[in-house]
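The structure appears right after this line, and notes come after that.
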């Protein structure tokens with residue numbers, strides 16, 4: 001059974017999990033955005049070159 | 001000869017490999033994280049630490065990754081510096097922000113765990129201070145890289161900095177053995193086997209593998225982005241010359 005009641009330690013546990021989720025979301029977002037932006041740019045320049 | 005698999009030395013093969021490997025590692029990371037979190041939140045409270053033991057499932061993997069990613073940064077930097085390998089340099093550049101993010105998570109989640117257990121958000125003991133130094137090495141690597149316009153000079157200077165920073169890794173690892181520390185000693189990777197109870201060890205190992213797979217996926221995505229950036233800048237340079 002899931003135990004999501006952190007009791008008196010909730011103020012420490014949930015911020016730790018929330019921050020981890022935010023940092024992971026940031027890593028995923030920035031990595032994908034960076035890769036997609038430069039992929040599009042490289043493809044535009046390649047097409048213009050041909 | 002560079003002692004690496006062919007796909008790591010050839011950008012075309014690397015791009016073909018990473019196209020399917022990056023989403024595959026990402027899917028593995030999600031499955032492992034869900035399993036680890038389920039086991040972590042169905043495990044009983046620790047008899048001493050109560051519910052705060054659940055911070056361990058995100059803090060310890062972040063701490064492991066902070067060191068593992070630096071090893072990846074060091075190896076990539078070595079290959080880039082000695083063999084002038086462009087893909088190794090892209091790999092080094094791609095993993096530094098990820099390492100910094102994992103180290104930041106290790107420091108902050110550790111602080112959130114330390115406050116209720118030690119009564120302090122931060123103490124200047126050897127483990128915490130050496131991890132802070134590790135974080136500063138990541139930031140210094142990225143700052144140095146960004147401050148030099150010449151790509152080749154930036155690669156060499158930042159590779160030297162990354163290799164110097166490797167000295168800090170054994171200090172981080174053995175800091176709890178060499179000095180008196182509030183931080184507990186190794187309880188998983190130690191001679192004689194883990195001292196953790198299985199109800200905590202399994203979710204911790206699953207989360208550790210999830211973090212590793214997530215890093216693998218994101219690292220590949222970032223290297224792909226770096227390869228495209230360099231291709232775009234080379235194409236822009238060619239276009240400017242004609």
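The values are calculated or read from the model by the stated rules, or taken from the named source; none is laboratory data. Being a predicted model, the structure only gives us computed values, none of them experimental. With ideal geometry, Cβ positions are generated from the backbone for all residues, glycine too; neighbour counts draw on all protein chains shown.
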Requested in this report: Determine if the stretch B:88-108 includes at least one residue that is assigned to a loop (DSSP other than H, G, I, E, B) and free of Cβ contacts under 8 Å to residues at least 24 places away in the same chain.
Outcome: no
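Let's see how each residue does on (1) more than 14 Å from chain A (Cβ to nearest Cβ); (2) surrounded by fewer than 20 Cβ atoms within 10 Å (Cβ to Cβ); (3) under 16 Å from residue B:74 (Cα atoms); (4) touching a helix residue (DSSP H, G or I) at 6+ places or on another chain (Cβ under 7 Å):
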| site | (1), (2), (3), (4) |
| --- | --- |
| B:147 | yes, yes, no, no |
| B:151 | yes, yes, no, no |
| B:159 | yes, no, yes, yes |
| B:164 | yes, yes, yes, no |
| B:181 | yes, yes, no, yes |
| B:206 | yes, no, no, yes |
| B:220 | no, no, no, yes |
**Report entry** Single condition residue B:35 does not satisfy, out of (1) surrounded by fewer than 23 Cβ atoms within 10 Å (Cβ to Cβ); (2) free of Cβ contacts under 8 Å to residues at least 60 places away in the same chain
**Finding:** (2)
**Report entry** Unique residue being at pLDDT below 90 and out of contact with any helix residue (DSSP H, G or I) (no Cβ under 6 Å at 6 or more places or on another chain) when the list is B:196, B:201
**Finding:** B:196
Query raised in the report: Taking the stretch B:183-197, which residues are loosely packed, with under 12 Cβ neighbours inside 10 Å and under 20 Å from the mean Cα position of the chain (by Cα)?
Result: B:189
Report task. Look at chain A and say how many of its residues are farther than 21 Å from residue B:114 by Cα, outside any helix (DSSP H, G or I) and facing another protein chain (nearest Cβ under 8 Å). Result -> 3
